[in-house]
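Heads up: the structure comes next, in structure tokens.
The values are calculated or read from the model by the stated rules, or taken from the named source; none is laboratory data. Model, not experiment: these values are computed from the prediction. Here the Cβ is made from the backbone with ideal geometry for all residues, glycine too, and neighbour counts use every protein chain on show.
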Amino acid sequence: MKIADPDTAPASALRLQKLIGAAARRDRAAFTALYTLTSAKLFGVALRILRQRQSAEEALQESFVAIWQRAGDYEPARGSAMGWLVTIVRHCAIDQLRRSTARPESRTAPEEALTALAAAGSADSGAELRALQHCLDELDEQPRRAVLLAYCYGLTREELAARLEVPVGTVKSWLRRSLERLQKCLEG
Amino acid sequence: MRYDDPELRERLAAEYVLGTMPSRARRRFDRLIAADPVLARMVGDWADRLAPLDDATPAEAPRARVWRAIEARIAVAGAAPAATVPDPWFRSLAFWRGLAIAASLAAAVLVLYVALFAGRAPSPTVVAVLAGHGGEPGWVGLTGPRPGEVSFSAVAPPPEPKPHAFELWGIAGGPPRSLGLLPQQSGEAVALRAARLPPPGGVLAVSLEPAGGSPTGLPTGPVLYQGKVLVRAP
């Protein structure tokens, strides 16, 4: 079996960390490399939330400007580089989604995708995804849907309430308990 | 809200990452994270817990123009990261580096204008060329139309949305001084008294501002164009 050198693997965690560090020192070449390595994945995430190429591209643009500006805030002790990047992109996409006026039909998140996501132990998923799927599986069905719809499609608490036909207060307590249970399950 | 209760902090960190925190509360939380490494760590842990969900999302290449737009914007943002208290652009290294490119371009445009106006009387003199970060000319300052005036003509101003304004600034040692708004239509010109410009070698910069110009009297938006005063206008 061939073992990838963690420092030279295309988008290894260490490589991304170093590139963000260099971008914080205003190294344009490192920032270009960071974009080259991560933009396709991050664009996929923005597209999942926004559904439209144009808006997803705008969100990606905003995100990378923010990444350039905030690169100095990132420290490896604060979690993985990709987790940091994805959080910025998801937040930019969610802001854009909340600002947009023409959105009702784009908010109908496909249930099949959620089902597929939550289907435990699909053969091609990595160990981390399998562990998360297992823990999601332990949640009740409706709270699990609320968590997935929020993370994957950026639904607000109010939109979740409308979608799942429960009061907003119920959504809030579902999210709170589900997140607590996920944390326990993943750390257990 | 009290941010010292560990359970509350954990819950907020989780909802921050999940995306269900209202946008305004999230921005407030962003500031807390920047000042609180432990909270930042909680957020990072949550991002890593939920990130595997993104593995199931197909990657897709964005169009090349996205990168071009990012490059243009970070060229403007230069060495001034917004997360910390930024130095104003007129003190940033990138700005002064960009000026070198603008200067070499100015020479090229100068040749063009000399060629265009040679043989005509009275021929206007090029006082300044305001160039973008890629070197493209946006406005040219020419002597005239009346003695003691310089007119800035739009050559190819960028297609920014209309509620914005392009404000011209002169810099000669101190903070930038507003010289007024520039025309946004190619071919339009605005005249100002030559005495208001910085002396030769002084810097001119164009920033993107809200309609009506900077509300503060200092540049508030990014600098998109810059150039040097080439000659003393008569």
Please determine whether any residue of the range B:214-230 is aliphatic (A, V, I, L, M) and under 15 Å from residue B:127 (Cα atoms). yes
Report whether or not residue B:158 is in contact with a strand residue (DSSP E or B) (Cβ under 6 Å, 6 or more places away or on another chain), surrounded by 14 or more Cβ atoms within 10 Å (Cβ to Cβ) and part of a loop (DSSP other than H, G, I, E, B). no
Determine whether residue A:3 is modelled with pLDDT under 95, buried (at least 22 other Cβ atoms within 10 Å of the Cβ) and more than 7 Å from every other protein chain (Cβ to nearest Cβ). no
From (1) touching a helix residue (DSSP H, G or I) at 6+ places or on another chain (Cβ under 8 Å); (2) modelled with pLDDT of 90 or more, pick out the condition that doesn't hold for residue A:114. (2)
Just to be sure before I move on: is residue B:174 without any contact (Cβ under 8 Å) to a residue 12 or more places away in the chain and more than 26 Å from residue B:69 (Cβ to Cβ) in the structure I sent? yes
